[in-house]
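The structure under discussion appears below in the form of structure tokens.
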Amino acid sequence: MHIRGDHAELVVGGRLDVRSAADARTVLHSALDAGRGDLVLDLTELDSWDATGLGVIMGAHRRAGRTGRRLVLRGVPDRMQRLLVATRLHRILAIEGTLGEGLEDGVPAAPSQPLPRV
């Protein structure tokens, strides 16, 4: 796992799992404590996360709230988007991009125009 950036935007890559959780938590908390406004967490380079990694994200979300900031996820890979929808965490976390656009509880929204009959 690697994290690069500053107190306003961090790019997370590799695997966010039980082995990297402590380091990730330290970096996220330091960034949250050092800055103001939104902290954008760019996940476009993230290969995978496990329950521990997701717990780190949720912990950072709670810490952001306590410090008067907001954690914003950007570039959430598709398979991770599905997990956020399945766990309903998409309703709690601030997420930029396609997640939630046209999705309600993981089901695509009805088309705005009726489909033609075949």
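Restricted to the stretch 18-34, and to residues that are farther than 19 Å from Arg79 by Cβ, of a type outside the set (D, E, K, R) and surrounded by fewer than 15 Cβ atoms within 10 Å (Cβ to Cβ), which residue is modelled with the lowest pLDDT?
If we take residues in the stretch 18-34 being farther than 19 Å from Arg79 by Cβ, of a type outside the set (D, E, K, R) and surrounded by fewer than 15 Cβ atoms within 10 Å (Cβ to Cβ), then Ala34 is modelled with the lowest pLDDT.
Show the residue pairs that are 6+ apart or on different chains and have beta-carbon atoms under 7 Å apart, the first residue being within the stretch 71-100 and closer than 25 Å to Asp6 by Cα, the second being of a type in the set (Ser, Thr, Tyr) and part of a strand (DSSP E or B).
Hits for this filter: Gly75/Thr44.
Any residue at all in the stretch 64-76 that is charged (D, E, K, R), in a strand (DSSP E or B) and under 12 Å from the mean Cα position of the chain (by Cα)?
Within the stretch 64-76, the first condition is being charged (D, E, K, R), and the residues that meet it are 66, 69-70, 74.
With in a strand (DSSP E or B) added as a condition, the list becomes 70, 74.
Imposing the further condition that a residue be under 12 Å from the mean Cα position of the chain (by Cα) reduces the set to 70, 74.
Within the stretch 64-76 (the criterion being charged (D, E, K, R), in a strand (DSSP E or B) and under 12 Å from the mean Cα position of the chain (by Cα)), the answer is yes, since at least one residue qualifies.
In a helix (DSSP H, G or I), modelled with pLDDT under 95 and among the hydrophobic types (A, V, I, L, M, F, W, C): does that describe Met58?
Here the answer is no, as Met58 does not meet what is asked.
Condition first: open to solvent by 40 Å² or more (accessible area, probe 1.4 Å), in contact with an Asp or Glu (Cβ under 9 Å, 6 or more places away or on another chain) and part of a strand (DSSP E or B). Now tell me which residues in the stretch 4-17 satisfy that.
Scanning the stretch 4-17 gives Gly5, Glu9, Arg15.
Looking at the structure I just gave you, is Thr67 modelled with pLDDT of 95 or more and over 14 Å from Ile95 (Cα atoms)?
It is false that Thr67 is modelled with pLDDT of 95 or more and over 14 Å from Ile95 (Cα atoms).
Sort out which residues of the stretch 35-83 are among the acidic types (Asp, Glu) and open to solvent by 40 Å² or more (accessible area, probe 1.4 Å), and write them in order of number.
The first filter runs over the stretch 35-83 and keeps only residues among the acidic types (Asp, Glu), leaving 38, 42, 45, 47, 50, 78.
Listed by number, the residues that qualify are Asp38, Glu45, Asp47, Asp50, Asp78.
The values are calculated or read from the model by the stated rules, or taken from the named source; none is laboratory data. These numbers come from a predicted model, not from an experiment. A quick note on method: Cβ atoms are made from the backbone with ideal geometry, for glycine too, and the neighbour counts reach across all protein chains shown. Side chains included, ligands, DNA and RNA excluded: accessible areas come from the protein's heavy atoms. Shrake-Rupley method; radii C 1.70, N 1.55, O 1.52, S 1.80 Å.
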